[in-house]
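Worksheet: one structure, shown below.
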Amino acid sequence: MSRVQGSFQEKARARVEVSGLRSWVARELENLVLSFAMIREGEIAIPKSSELSTYLEEAVLSWMEPEKVVAQELMFWQVALHIHTYILKDDVQTDDACGDDEVAGFSMWTLPSKNFRGIWESLILEQDIKNDLVRYCLAALVFSKMDVNTNLVSCNRLILLHGPPGTGKTSLCKAMSQKLSIQLQDEYAHALLFEVHTQGLFSKFFSESAKLVGKTFSRIQSCAADQTTLVFVLIDEVESLTSSREAALSGSEPSDAVRVVNAVLTQVDALRRFPNVFMMTTSNITGAIDTAFVDRADIKQFIGPPSKLARRSILSGALAELARAQIIDDFFPEKGTKELDRLAEATNGFSGRLLRKLPFLTFSKFASAYDKRPIPSIQFLSEMAGVAETERTVRGELASVEQKLRDSRGC
């Protein structure tokens, strides 16, 4: 498994991530890439006749600092490659302390994971959010290595991604942990991602929830104690664990919630002493999060719905995948430009998650008459526009019902 990443200064530095016979594969892949007349971002074609195809599943090139890359294609002398080799793993463990009728407190993924393959490349976000967050993590690591006193220069290694549902916050956290586990493998022998399941940390018994939080973070700390292990902690929908204590004390939230918030804040502070730990959290409702937790986050990054350009790119990528699978006929971004532009305009406000569902929902319209012959892409695009309009109508109806319910409750 290989990927190429790079940035453009005097040369565009590129990082190649490979699994297989490490040094040989790295050398042969570098020779292959530098033999191309032009080098561009995206998947690298490995000739089937090449011995490399025996050891590589794929090779993908992505620029580390795309804002410094002055052209979509660069000549070989403009690129400097840095090779990394790795093997994807499929190990995942759950909290073995939970009973049969209980939700596990966490899942633990060994990185880099097969389950997170391709997520980074599939995420299309505004500006350069992905690489900015990676640079933040690398900067935090430098501070840890240089033993910067965090009492004088605050660095909690805590990220809060917030925004509406379906915009890729959780996927970004997983992709970022995957990316960093590969980039930092020369410094850390192992890498783990703990995905904390907030619903598994609440108990029907009074005061037990805070104890469950403590048990989960105790397991995380035991792994973090090994300084050769890079540990990522992901808490999705963190507002479930860190709801405002002010609301709890006013009686609008269960009083046990105060103990949970206090427990989480205590554990966050405890993780600061481990220089090999990064905590990533997401929220759809930032206003509900306790301000003490928000203040601890180094970065509070909004992840919003995709722009028109991003929507076009997401839709184009989805259609290209259908063409690869021969569900529609050959599709290129230049083909059906007007139809694709209109569809990107019509899906304003749609989340990335919903945009990626549209092709499937559209195909369902053809399913009963599908005879395994590729559907004309222009016809498919036209049908997709109708599906998008239906989705917009349904969303409007749901929003209207929700507003009526709020009005009836006096909210």
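Would you please give the FRET efficiency between Ala71 and Arg22, computed as 1/(1 + (r/R0)^6) with r the Cβ-Cβ distance and R0 = 56 Å, to the nearest 0.05? The formula returns an efficiency of 0.95 here. Gain on full extension, evaluated as 0.36 nm per residue between Asn284 and Leu309 minus their Cα-Cα distance, stands at 6.6 nm. When Tyr370, Tyr86, Tyr136 are arranged by Cβ crowding within 10 Å, least crowded first, meaning fewest neighbours, the order is Tyr370, Tyr136, Tyr86. Annotation: peptides 362-369, 399-406, 272-279, 299-306, ranked by per-residue average of other Cβ atoms within 10 Å with the highest first, follow the order 272-279, 299-306, 362-369, 399-406.
Taking a point 7 Å from the Cα of Glu58 along the Cα-to-Cβ direction, the residues of region 305-326 with backbone N closer than 13 Å to it are 318, 321-322, 324-325. Taking the number of Cβ atoms within 10 Å of each Cβ as an exposure proxy, the fewest-first ranking of Val394, Val294 is Val394, Val294. Spin-label model, Lys404/Ala346: points 7 Å from Cα along the beta carbon direction are separated by 2.8 nm. Each principal axis of the Cα cloud of region 92-302 was evaluated for its coordinate range; sorted largest first, these ranges are 48, 37, 36 Å.
The equivalent ellipsoid that matches the C-alpha gyration tensor of region 308-405 spans semi-axes of 25, 16, 10 angstrom, in descending order. Amide hydrogen proximity for Ser243: with H placed 1.01 Å from N in the peptide plane, the residues at 5 or more positions away or on another chain lying under 5 Å are Asp290.
Annotation: amide H of Ile299 within the under-5 Å range of Leu158, Leu160, sequence separation 5 or more or interchain, hydrogens built in the peptide plane.
Provide Ile87, Ile235, Ile182 in ascending order of the number of other Cβ atoms located within 10 Å of each residue's Cβ, fewest first. Result, fewest neighbours first: Ile87, Ile182, Ile235.
Our note on the geometry: Cα centres of region 19-54 and region 372-411, 44 Å apart. If the segment from Lys300 to Arg373 were pulled out straight at 0.36 nm per residue, it would be longer than the present Cα-Cα gap by 21.5 nm.
Read-outs: derived from the displayed coordinates by stated rules, not from any lab. Predicted, not measured: the structure shown is a model, and the values here were computed from it. Positions of Cβ are generated from backbone atoms using ideal geometry, with glycine treated the same way; all protein chains shown enter the neighbour counts.
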